[in-house]
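The values are calculated or read from the model by the stated rules, or taken from the named source; none is laboratory data. None of these values were measured; they are calculated from a predicted model. Here the Cβ positions follow ideal geometry from the backbone for every residue, glycine too, while neighbour counts run over all protein chains shown. Each accessible area value is taken on the protein alone, full model and side chains, heavy atoms only, with ligands, DNA and RNA left out. Shrake-Rupley method; radii C 1.70, N 1.55, O 1.52, S 1.80 Å.
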Amino acid sequence: MPNQDISSYLKEPRLVARKFLARPQHEGVGAVVRRSIGRFELKNFDPFLVLDEFSVTAPAGFPDHPHRGFETVTYMLQGAITHEDFDGRKGTIEAGDLQWMTAGRGIVHSEMPAAQGTQKGLQLWINLSSKHKMIEPRYQEMLSKDIAETMIDGIKVRVIAGEALGIKSPIYTRTPTMYLDFCLKPGAHLQQLIPKSWNAFVYILEGEGVFGNQKSQPVTSHHILLLGSGDGLEAWNKSSKVLRFILVGGEPLGEPVVQFGPFVMNTQEEIDQTIDDFENYTNGFEKARHWRSETSLSLDY
């Protein structure tokens, strides 16, 4: 459908409520991340716990580590990452590929470079409600060629989760979520619906764009924009180069968040129990007792 036809959809475009620049910091073993959610100014943004734009070159990476109580969404931008877990799953996530991992009651895994040079990508942590925190782990994986994509009026979108411009992703989001990768050519104007009750943000990957109000100042790459209330996002590319950003929205859970590193539960007692489970290889972590990833063994982490 032509872009001008969807302009009537937005009755109350969301304005930018807060803006942060994600500065580089070290994470894992020698990896560099730009963390925009999960930092001291923004501990979480319900239902989102962490957003990292990561950059890693071998032998650096994210060796064996656990998770419980949430989902991790890994979307590769450049290069490739090898993923292994304690249940014997192993695979490579290449540029444009997606891995949607529900850690649930517990996973121990590693994420390490699978190619020469620098590997780049995004990792988003999405909280799970209390009734879903202890479900069995599961994976949803999509190759780049299988991700729904379309282009209309100078706007290209890859639909990681949710729907946009008439196409929809098959990814099941236990916490209702939309995740859209937009590229706007110079002069392009986007209007995208977002459920009014959801929290939503933009993270700029490339170029500069105007968001919310076309009279506002352009915002450049590595900034996160938290959007205020309304029924959708309006964005303009007034520059001479391509603008690329992700738009992510989710239904708030409205539950207490107690986090200890890679464990996210609702109470301190549940965190204490999780630490005990992990240290004693029980209640979901049984397979961790005798497991180490092939990469960790070869590099002696």
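Worth a mention:
- Filter pass, residue 49 being among the hydrophobic types (A, V, I, L, M, F, W, C) and closer than 21 Å to residue 139 by Cα: yes
- Matching residues, the stretch 142-157, being closer than 20 Å to residue 187 by Cα and without any contact (Cβ under 8 Å) to a residue 24 or more places away in the chain: 150, 151
- In the stretch 225-241, residue surrounded by the fewest Cβ atoms within 10 Å (Cβ to Cβ) [restricted to those that are farther than 25 Å from residue 11 by Cβ and either polar (S, T, N, Q) or touching a strand residue (DSSP E or B) at 6+ places or on another chain (Cβ under 6 Å) (or both)]: 240
- Across the stretch 183-211, the number of residues qualifying as crowded, with 21+ Cβ neighbours inside 10 Å and either in a loop (DSSP other than H, G, I, E, B) or touching a Ser or Thr at 6+ places or on another chain (Cβ under 7 Å) (or both) comes to 4.
- Of 264, 258, all but one fail to be open to solvent by less than 30 Å² (accessible area, probe 1.4 Å), over 19 Å from residue 157 (Cα atoms) and of a type in the set (A, V, I, L, M, F, W, C); the exception is 264.
- A residue that is open to solvent by less than 20 Å² (accessible area, probe 1.4 Å) and more than 25 Å from residue 81 (Cβ to Cβ) can be found somewhere in the stretch 133-147.
- Residue match in the stretch 41-49 (condition: open to solvent by less than 30 Å² (accessible area, probe 1.4 Å) and either among the β-branched types (Val, Ile, Thr) or farther than 24 Å from residue 132 by Cβ (or both)): no
Yes/no per residue for (1) in a strand (DSSP E or B); (2) hydrophobic (A, V, I, L, M, F, W, C); (3) open to solvent by 50 Å² or more (accessible area, probe 1.4 Å):
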site	(1), (2), (3)
11	no, no, yes
18	yes, no, yes
34	yes, no, yes
52	yes, no, no
59	no, no, yes
65	yes, no, no
72	yes, no, no
82	yes, no, no
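- Unmet criterion (only one of (1) farther than 27 Å from residue 66 by Cα; (2) at pLDDT 95 or above) for residue 176: (1)
- Flag for residue 106 being touching a helix residue (DSSP H, G or I) at 6+ places or on another chain (Cβ under 8 Å) and modelled with pLDDT of 95 or more: yes
- Which numbered condition residue 112 misses (of (1) at pLDDT below 95; (2) among the hydrophobic types (A, V, I, L, M, F, W, C); (3) open to solvent by 40 Å² or more (accessible area, probe 1.4 Å)): (3)
- Taken together, the residues in the stretch 242-254 that are open to solvent by 10 Å² or more (accessible area, probe 1.4 Å) and either among the basic types (Lys, Arg) or touching a Phe, Trp or Tyr at 6+ places or on another chain (Cβ under 6 Å) (or both) amount to 2.
- Looking across the stretch 256-301 at every residue that is touching a Ser or Thr at 6+ places or on another chain (Cβ under 6 Å) and part of a loop (DSSP other than H, G, I, E, B), the one that is modelled with the highest pLDDT is identified as 266.
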